[in-house]
Amino acid sequence: MSLWSLWREDLRAHDGLALEQGFWALAVHRFGNWRMGIRSKLLRAPFSIAYKLLYRVVEWTCGVSLPYTVKVGRRVRIWHHGGMILHAETIGDDVMIRQNTTFGVVRTNHNFELPVICDGADIGVGAVILGAVRVGKNAVIGANAVVLNDVPDDAVAVGVPAKVVKYRHERPERTYTP
């Protein structure tokens, strides 16, 4: 997909609100990836300078740190802004992320152990996802949960440390009442 197409899709994912801070964070992220496609370092240099400046502007004004090295899928929605450190290995398609969220390393000297956020995950306010963990497809991470272990597909995980409390598509048990 072209950079323009990704920007248009990101804008639609943010309800067409061009002033949404999440949209700007994704737009700068996508620009950072696009510039890496320029083979000549000399031709890429001005775009790299522009990216680094824009990255800092977004970080300072929107409170969102999303480096270009994170593989971000399509239709990702960053619902709110502020206090967001999104250093993951990948963030899948159709992921919802809310404010004060942290994805990153669990401790120093483990800089390459980053989370994988799968398609359709819904990350709650203040969630912390650390280390080489996998948040499964369509999983829900509750507000202020601290995820240190893998979360299965369709699971709802809450608490500190996060534990799976149910699955999204479970049907409640029915009791027969005459």
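Please list, ordered by residue number, the helices (runs of 4 or more DSSP H) wholly in segment 1-81 having 2 or more residues that are farther than 22 Å from Gly124 by Cβ and open to solvent by less than 20 Å² (accessible area, probe 1.4 Å).
Numbers: elements: 3-13, 21-35, 41-62.
Because the criterion is at least 2 residues that are farther than 22 Å from Gly124 by Cβ and open to solvent by less than 20 Å² (accessible area, probe 1.4 Å), the helices (runs of 4 or more DSSP H) in segment 1-81 that meet it are 21-35, 41-62.
When Val133, Val164, Val147, Val156 are checked against the criterion of being over 15 Å from the mean Cα position of the chain (by Cα), open to solvent by less than 50 Å² (accessible area, probe 1.4 Å) and closer than 24 Å to Arg77 by Cβ, Val156 stands alone in meeting it.
In segment 94-148, what residues are touching a Phe, Trp or Tyr at 6+ places or on another chain (Cβ under 8 Å) and among the polar types (S, T, N, Q)? Residue satisfying the conditions is Gln99 alone.
Against the definition (surrounded by fewer than 14 Cβ atoms within 10 Å (Cβ to Cβ) and modelled with pLDDT under 95), how does Asn109 come out, yes or no? Here the answer is yes, as Asn109 does meet what is asked.
The values are calculated or read from the model by the stated rules, or taken from the named source; none is laboratory data. As the structure is a prediction and not an experimental result, all values here were calculated from the model. Here the Cβ is made from the backbone with ideal geometry for all residues, glycine too, and neighbour counts use every protein chain on show. These area figures cover heavy atoms from the full protein model, side chains too; ligands, DNA and RNA do not enter into them. Shrake-Rupley method; radii C 1.70, N 1.55, O 1.52, S 1.80 Å.
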